[in-house]
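Take a look at the structure below.
The values are calculated or read from the model by the stated rules, or taken from the named source; none is laboratory data. Keep in mind that this is a model prediction, so the values were computed, not measured. Glycine also receives a Cβ, built like all others from the backbone with ideal geometry; neighbour counts cover every protein chain displayed. SASA here: full protein model, heavy atoms, side chains in, ligands and nucleic acids out. Shrake-Rupley method; radii C 1.70, N 1.55, O 1.52, S 1.80 Å.
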Amino acid sequence: MADCLFCRIVAGELPARKVYEDEEVLAFRDIQPVAPVHVLVVPKRHLDGLAAAGAEDAPLLGRLLDAARRVAEAEGLAEGYRVVVNQGRHGGQSVGHLHLHVLGGRAMQWPPG
Ligand code: AMP
């Protein structure tokens with residue numbers, strides 16, 4: 001999508017600090033990190049969010065989680081980490097392209113705000 005921020009990062013039109021890439025997935029550092037490690041994992045194909053995914057997207061969703069695990073390992077998050085998907089207004093989603101947050105490097109709180 002031409003006007004989508006993360007599609008433009010995927011296309012190389014906007015800069016990003018990439019940490020992982022394969023045919024279907026790109027991972028890059030969040031521009032406003034909320035933890036010592038804060039990486040976004042996105043599908044290269046545009047999806048508005050998790051709610052826009054269908055059953056046919058299950059393999060892609062699996063690849064996103066697998067990429068999140070790879071990122072966490074590569075970032076040395078042996079003590080643990082959190083993977084978050086914010087969906088829609090109540091979920092706090094601000095960018096309309098599906099993404100997983102990989103957060104680590106400190107102890108997380110529960111419940112989230
Ligand atoms: P969410 O609120 O779940 O939609 O998360 C969107 C995330 O994208 C936020 O954590 C932002 O800091 C991050 N973000 C916005 N623009 C950029 C960018 N150009 N590069 C990297 N991260 C970004």
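Tell me the relative contact order for the chain as a rounded percent, counting alpha carbon contacts under 8 Å between residues six or more apart.
So the answer I get is 30 percent.
What part of the accessible area of the chain, given as a whole %, is carbon or sulfur when the probe is 1.4 angstrom?
Numbers: 3600 of 6770 Å².
Within the chain, the accessible surface is 53 percent carbon and sulfur.
Run the quick spin-label model on Val84 and Ala11: label points 7 Å from Cα toward the beta carbon, then report their separation in nm to one decimal.
2.9 nm
Could you work out how much longer the chain between Ala74 and Asp22 gets when fully extended? Use 0.36 nm per residue separation minus the Cα distance between them, nm to one decimal. Walk me through the numbers before you get to the answer.
On the way: separation 52, 0.36 × 52 = 18.72 nm, distance 1.48 nm.
In short, 17.2 nm is gained.
Using only the Cα atoms of the range 5-104, build the gyration tensor, take square roots of its eigenvalues as a ≥ b ≥ c, and label the shape rounded, prolate or oblate: rounded if a/c is under 1.5, else prolate if a/b is larger than b/c, else oblate.
It comes out rounded by the Cα gyration axes.
Using a simple charge model, +1 on the beta-carbon of Lys and Arg, -1 on the beta-carbon of Asp and Glu, nothing else, what dipole does the chain show about its Cα centre, in debye to the nearest 20?
That gives a dipole near 320 debye.
Of Val42, Val71, Pro15, which is farthest towards the positive pole of the range 5-104's charge dipole, taken about the Cα centre with +1 and -1 on the beta-carbons of Lys, Arg and Asp, Glu respectively?
Most positive-ward Cα: Pro15.
What's the local net charge at Leu64, with K and R +1, D and E -1, over the other residues with C-beta under 14 Å away?
-1
Assuming R0 = 22 Å, can you tell me the calculated FRET efficiency for the pair Ala107 and Arg45, based on Cβ-Cβ distance, to the nearest 0.05?
Step by step, r from the Cβ atoms, then E = 0.05.
Can you give the local net charge around Met108? Use residues other than it whose beta-carbon is closer than 13 angstrom to its beta-carbon, Lys and Arg +1, Asp and Glu -1.
Neighbourhood net charge equals +1.
Relative to the longest principal Cα axis of the chain, at what angle does helix 58-74 sit, 0 to 90 degrees, rounded to 10?
40 degrees
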